[in-house]
Amino acid sequence: MSTPAFGLAQIGQIGVNVRDLDRAVAFYRDALGLPFLFRTPALAFFDCGGVRLMLGLPERAALDSPSSILYFTVADLRAACAILAARGVPAIDEPHLVAKMPDHELWMAFFADTEGNTHGLMSEVR
């Protein structure tokens with residue numbers, strides 16, 4: 001049985017770890033002039049020409065590194081996870097609800113690359 005044609009192509013979000021969120025928001029908003037979207041207690045979001053930049057305090061020790069996390073946008077999160085699992089990509093967690101927005105739910109799942117970097121899949125479900 002062959003694996004369905006599937007490939008990741010679009011980056012929907014890039015996450016950058018920060019130590020002081022207030023300081024980082026001021027830098028990216030005021031010094032760099034990036035359009036500010038919204039903020040939660042541990043995260044802040046900016047628009048970079050249609051790709052979201054997420055500044056965040058690391059959720060857990062495994063995510064605390066100076067490397068960025070790539071978030072790939074997919075239409076069907078569960079299908080994408082199943083395809084990647086069939087290809088031997090190690091899942092870090094199962095698809096889960098991250099946020100309920102006014103017009104959609106944001107779902108994510110995370111996986112590791114061959115170098116131990118964490119990356120995410122994200123799906124906006126209307």
Original post:
Is it fair to say Arg29 is in a loop (DSSP other than H, G, I, E, B) and either polar (S, T, N, Q) or over 26 Å from Pro4 (Cα atoms) (or both)?
Top reply: no
**OP:** May I ask you to verify whether Ala99 is among the small types (Gly, Ala, Ser), closer than 21 Å to Asn17 by Cα and at pLDDT below 90?
**Re:** no
Original post:
Pick from region 102-124 the residues that are touching a strand residue (DSSP E or B) at 6+ places or on another chain (Cβ under 7 Å) and exposed (fewer than 13 other Cβ atoms within 10 Å of the Cβ): which of them is modelled with the highest pLDDT?
Top reply: His104
Original post:
List the pairs whose first member sits in region 3-28 and is more than 17 Å from Arg52 (Cα to Cα), whose second member is basic (Lys, Arg) and not in a strand (DSSP E or B), and whose Cβ atoms are under 8 Å apart, counting only residues at least 6 apart or on separate chains?
Top reply: Thr3/Arg87
Original post:
When you look at Arg19, is it of a type in the set (Lys, Arg) and more than 27 Å from Ala5 (Cβ to Cβ), yes or no?
Top reply: yes
Original post:
Any residue in region 72-83 that is free of Cβ contacts under 8 Å to residues at least 40 places away in the same chain and among the hydroxyl-bearing types (Ser, Thr, Tyr)?
Top reply: no
**OP:** Give Asp22, Asp30, Asp76 a once-over and let me know the one that is of a type in the set (Asp, Glu) and either surrounded by 12 or more Cβ atoms within 10 Å (Cβ to Cβ) or under 20 Å from Glu124 (Cβ atoms) (or both).
**Re:** Asp76
Original post:
Among the residues of region 32-68, how many are more than 29 Å from Ala91 (Cβ to Cβ), of a type in the set (A, V, I, L, M, F, W, C) and in a loop (DSSP other than H, G, I, E, B)?
Top reply: 2
Original post:
Can you pull out the residues in region 49-67 that are under 20 Å from Ala26 (Cβ atoms) and small (Gly, Ala, Ser)?
Top reply: Gly56
Subject >> Within region 1-39, tally of residues that are farther than 26 Å from Arg78 by Cα and of a type in the set (Ser, Thr, Tyr) >> reply: 1
Subject >> Selected residue [within 23 Å of Val125 (Cα to Cα) and touching a Cys at 6+ places or on another chain (Cβ under 7 Å)] from Pro102, Pro4, Pro95 >> reply: Pro95
**OP:** Kindly indicate the residue of region 22-45 that is in contact with a helix residue (DSSP H, G or I) (Cβ under 6 Å, 6 or more places away or on another chain) and farther than 16 Å from Met101 by Cα and also modelled with the lowest pLDDT among those meeting that condition.
**Re:** Leu34
Original post:
For region 50-83, what are the residues that are modelled with pLDDT under 90 and among the small types (Gly, Ala, Ser)?
Top reply: Gly56, Ala61, Ala62, Ser65, Ser67, Ser68
Subject >> Test for Phe45: is it surrounded by 14 or more Cβ atoms within 10 Å (Cβ to Cβ) and either touching a strand residue (DSSP E or B) at 6+ places or on another chain (Cβ under 6 Å) or within 17 Å of Thr118 (Cα to Cα) (or both) >> reply: yes
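The values are calculated or read from the model by the stated rules, or taken from the named source; none is laboratory data. All figures in this text were calculated on a predicted structure; none of them were measured in a lab. Counting neighbours? That spans all protein chains shown, and the Cβs are built from the backbone with ideal geometry, glycine included.
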